[in-house]
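See structure below.
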Amino acid sequence: MRVLITGGASGLGESITRRIAREPLNTVYFTYNESEASAKRIESEFPNVSSCKCDFKNKAETDALSERLGGFDLDAIINNAYSGGFINAHFHKTSTSDFLTDFTNNIMPTVTLTQSAIKCFRKKKQGKIITVLTAALINKPPIGSSVYIATKAYLQQLTKIWAVENAKFNITSNSVSPAFMRTAMTSHMDERVVEQIMENSPLGKLLTTEEVAESIFLLLNAPAQINGVNLIINGAANVL
């Protein structure tokens, strides 16, 4: 299987890259921006992995990568990259420009690359789209997370459209919604808040990036009947 992972050199993305690359028959492409050292380290460990430098804040770079996707002959795309923070400020204190910036930096690159991937998939009459969301869409959203949650909610609705519009082409679109994880994006959070999250978890511990990567790997190898699914990964903190 030939897979593209956006933001695949650090945090959750690195765990996803490593999990899929562990299967030697897979060919893995992943994007990175600032994590060049990590990207080179992953490439040195896995002969079936190739990195692509791409700053999603730069439209020209995103468009250039989109043009290259046809040559990758992809079987799957995993939309993982996110540029921005998790907790910022209360909604009424948040600049309206922050919403526009987040939309430009995160929604539009995902739209551009997924459109390109779908065109490839339709020619092959098969393909998989997996998009990383957040369990905060289901749970009570954290105070100060309006920009992040709004972006993920927008992507959640797109994943449904992708599933419905492309099912007859044997293309699936699923998503995962992980609970809080320790990554660079959440590293600045107050330790007391993190401890409270841990205490409120049914398992009494934080979700790991490796656990989420394993869940994505399952969706990557799932049959086409599993389509339009949002896999909530939060240890049954809530059951729908």
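Data overview
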quantity	calculated
Model label zone, I107; criterion: amide N under 14 Å from point 7 Å along Cα-to-beta-carbon; scope region 113-153	147-153
Mean shadow area of region 2-233, taken as a quarter of the surface of its Cα convex hull (nm²)	12.6
For the chain, size of Cβ-based charge dipole, Lys and Arg +1, Asp and Glu -1, in debye	740
Farthest toward positive dipole pole in the chain [+1 Lys/Arg, -1 Asp/Glu at C-beta], among G127, I77, F30	G127
Magnitude of the charge dipole, region 1-55, Cβ model with Lys/Arg +1 and Asp/Glu -1, debye to 20	180
Alpha-carbon centroid distance for the pair region 68-114 / region 204-229, whole angstrom	21
Protection proxy ranking, peptides 210-221, 85-96, average beta carbon neighbours within 10 Å, highest first	210-221, 85-96
Which of V111, V164 has the fewest Cβ neighbours within 10 Å, and the rest in rising order	V164, V111
Contour minus Cα-Cα distance for Q225 and R41 (0.36 nm per residue)	62.6 nm
Under 18 Å from K125, Cα to Cα: aspartates and glutamates that are on another chain or at least 8 residues apart	D73, D75, E165
Hz values of 3J(HN,Hα) by residue in region 207-214 - Karplus curve (6.51, -1.76, 1.60), Gly and Pro given as x	5, 9, 5, 5, 5, 5, 4, 5
Nearby lysines by direct alpha-carbon distance to K123 (threshold 25 angstrom, same-chain neighbours under 8 apart not counted)	K160, K168
Normalised contact order of the chain, rounded percent, pairs of Cα under 8 Å and 6 or more residues apart	20
With Cα atoms, 0 to 90° folded angle of helix 36-45 axis to the chain main axis	60
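Readers should treat all values here as calculations from the given coordinates under stated rules, not as data from a laboratory. Treat the numbers as computed from the prediction; the structure is a model and nothing was measured. Reconstructed Cβ throughout: ideal geometry from the backbone, glycine too, with neighbour counts over all protein chains shown.
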